[in-house]
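Before any comments, here is the structure.
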Amino acid sequence: MQLVRPDNNHPPLSIIGLILFFTLLLTSLTISGNNLKKLFTDHHGRSHRLTGLFHLFWLAFGAVIVIVSSKHFHHNNYYPHYWHNMTCLMYDIILGLSGIITTLTAASSFPHKHVVNQPGESGTLSKYAMVTQDEMMEHSFYQGVNLCQALFLHVGTWGVILDSENNDDESTTTSLVLLFAKRFLLLFLVTLPWSIRKRFPVNSFSDNWKRKRSRSNSNVKHDNTITNNNHHHEKLQANGEKRVGTIIQVGAQKGSSKSLWLINGMYRFKKWQYIFYKHVILHGLNISVALSISSSSQQQQQQPDKWPLPLTSEWRTFWLLLNTSYVMEFFLQTLVKRQILTQRKMMILNALLMTLATIASMERNVLGQVRIEAALISLFLNFYNRGHDVLNTIMTFFMLSKLIW
């Protein structure tokens with residue numbers, strides 16, 4: 001029996017691209033031979049290597065399910081059994097947790113906290129820079145936010161939580177108030193992680209093309225507390241690093257990278273992609289789901305062939321591409337440093353992922369579920385009341401609820 005519902009018999013472009021991405025990636029890993037074996041079996045940082053290997057397998061497993069479901073299963077007019085709901089839910093939980101653990105073990109197992117790139121160079125795309133611990137910790141926050149959204153969308157499919165069908169008259173004021181309170185509480189909980197956003201590092205996309213001059217490192221303390229990581233430092237030295245006490249300065253001088261214009265362009269695209277993700281796909285979608293008056297059972301009675309959002313193949317394709325993008329930024333850079341991938345192939349795979357995630361987000365079961373007014377108000381409040389995502393989201397919810405309820 002199928003895990004997700006296909007929306008048509010012809011695989012969309014995002015599915016074709018997903019097949020292409022994993023084919024190219026797995027082919028490159030397979031032909032690397034000993035380099036691949038050492039990548040996952042080296043004793044140093046074994047916890048990260050093992051969790052990373054599992055996460056890669058889990059992503060590939062999810063891709064196979066989405067691809068097979070999208071291509072071969074025909075349209076069905078029945079609602080999924082509870083087992084199917086729980087299967088998708090458990091897959092999403094394991095995917096989210098393994099991604100977070102993979103990121104955190106990388107940050108703790110390797111001396112990336114000592115890495116300082118040249119001003120304006122991020123470790124995710126630059127050939128000469130290294131991924132810093134700050135970048136890893138920031139990614140872990142967003143991976144946690146993505147997991148919370150997945151849980152929120154799944155809970156929205158549980159009639160026992162959100163439906164008011166136990167009441168004799170669902171049109172009564174009491175029923176509506178109760179339903180409103182439940183949805184508000186869920187929206188508040190899924191947005192609550194943003195209250196600790198300031199505790200995580202912030203890496204500006206614009207710094208990657210502004211190329212500001214670095215501040216003086218004259219106050220850097222000199223010691224030798226990281227000599228136990230000599231093996232990993234040798235890897236860093238092979239990529240143009242410069243040691244300053246406990247700091248490892250990595251990167252090339254300005255203008256030394258021939259692909260600088262392409263990297264800058266990709267970071268500009270990433271910035272607008274992030275704004276779209278945060279205010280449309282994240283806050284906008286969460287608010288839109290919370291504002292929906294009809295309960296899941298009512299929707300199913302009105303549209304018996306309509307599957308819950310987190311079970312549709314369109315959403316699951318986007319969700320898989322989103323999670324893949326977060327970990328592949330770091331993993332592909334590691335493959336370049338290990339000489340398993342060339343810089344050119346890494347840039348191609350990153351660009352492919354960025355394009356596919358954008359295409360998948362435009363589908364009717366992703367962007368089509370977002371109220372445009374919710375996304376626009378969220379975006380406006382982001383600039384007017386920056387840094388207060390929880391308050392901004394709640395304000396947007398109440399403003400729109402007066403117009404809808």
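The values are calculated or read from the model by the stated rules, or taken from the named source; none is laboratory data. Because the structure is predicted, anything quoted here is derived from the model rather than measured. Neighbour counts run over all protein chains shown; Cβ positions are idealised from the backbone, glycine included. Accessible surface is based on the protein model in full, side chains and every heavy atom, while ligands, DNA and RNA are left aside. Shrake-Rupley method; radii C 1.70, N 1.55, O 1.52, S 1.80 Å.
ASP134 contributes about 80 Å² of solvent-accessible surface, heavy atoms of the protein only, 1.4 Å probe. Coordinate range of the alpha-carbon atoms in region 311-362 per principal axis, descending: 38, 15, 11 Å.
In this simple spin-label model, placing a label point 7 Å from the Cα along the Cα-to-Cβ direction at both LEU53 and TRP261 gives a separation of 4.3 nm. Phi angles across region 318-325 convert, under the Karplus curve 6.51 cos²θ - 1.76 cosθ + 1.60 with θ = phi - 60°, into 3J(HN,Hα) values of 4, 4, 5, 5, 5, 5, 5, 4 Hz, Gly and Pro given as x. Please tell me which of these pairs span more than 26 angstrom C-alpha to C-alpha: LYS271/LYS345; LYS198/LYS345; LYS37/LYS337; LYS182/LYS270; LYS38/LYS198? Violating the 26 Å Cα-Cα cut-off are LYS198/LYS345; LYS182/LYS270; LYS38/LYS198. In this structure, the amide hydrogen of VAL116, modeled 1.01 Å from its nitrogen in the peptide plane, lies closer than 5 angstrom to those of ILE248, GLN249, VAL250, counting only residues at least 5 positions away or on a different chain. For region 98-104, the Karplus equation 6.51 cos²θ - 1.76 cosθ + 1.60, evaluated at θ = phi - 60°, returns couplings of 5, x, 5, 5, 4, 5, 5 Hz by residue, with Gly and Pro reported as x.
Rounded to the nearest Hz, the phi-derived 3J(HN,Hα) couplings of region 364-379 under the Karplus curve 6.51 cos²θ - 1.76 cosθ + 1.60 (θ = phi - 60°) are 5, 8, 10, 4, x, 8, 9, 6, 4, 5, 5, 5, 5, 5, 4, 5, where x marks glycine and proline.
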